[in-house]
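Here's the structure we're looking at; comments come further down.
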Amino acid sequence: MPKYFFNVYHSRKPPRIDQDGQRFDDDAAACREATKVAADSVADLKNKFQIGDEWRLEVTSDMQKEPLYVVRFSVKRTD
């Protein structure tokens, strides 16, 4: 069973690099967990997020160091 790592990057904070990881049956299960983690984390940002900020979660595995999945949340002015 592969081990997956959930690394969090926020434009105004130091990155949180997952050193421990978690084991999941497959990539799809890790992706489902990433969606849950992202939803919980973004909810916690509700009063702290500003225009121009970006938050992202990158999922890697012990089998592949390049991100398998990236979940992004950002606020940008469009005019």
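The values are calculated or read from the model by the stated rules, or taken from the named source; none is laboratory data. Quick caveat, the model's predicted, so the values are computed rather than measured. Positions of Cβ are backbone-derived with ideal geometry, glycine not excepted, and every protein chain shown enters the neighbour counts.
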Query raised in the report: If a residue has to be closer than 11 Å to Phe6 by Cβ and assigned to a loop (DSSP other than H, G, I, E, B) to count, how many in the range 49-67 make the cut?
Result: 1
**Report entry** Extreme residue, surrounded by the fewest Cβ atoms within 10 Å (Cβ to Cβ), among residues of the range 7-48 that are part of a strand (DSSP E or B) and not charged (D, E, K, R)
**Finding:** Pro14
Query raised in the report: Looking only at the range 49-59, which residues are surrounded by 11 or more Cβ atoms within 10 Å (Cβ to Cβ) and more than 10 Å from the chain's Cα centre (by Cα)?
Result: Phe49, Gly52, Asp53, Glu54
Query raised in the report: Which of the residues spanning the range 21-48 are under 18 Å from Lys65 (Cα atoms) and without any contact (Cβ under 8 Å) to a residue 12 or more places away in the chain?
Result: Ala28, Ala29
Query raised in the report: Would it be correct to say that Tyr4 is within 10 Å of the chain's Cα centre (by Cα), in a strand (DSSP E or B) and of a type in the set (Ser, Thr, Tyr)?
Result: no
Report task. Return the total of residues in the range 65-79 being exposed (fewer than 11 other Cβ atoms within 10 Å of the Cβ) and either modelled with pLDDT under 90 or within 9 Å of the chain's Cα centre (by Cα) (or both). Result -> 5
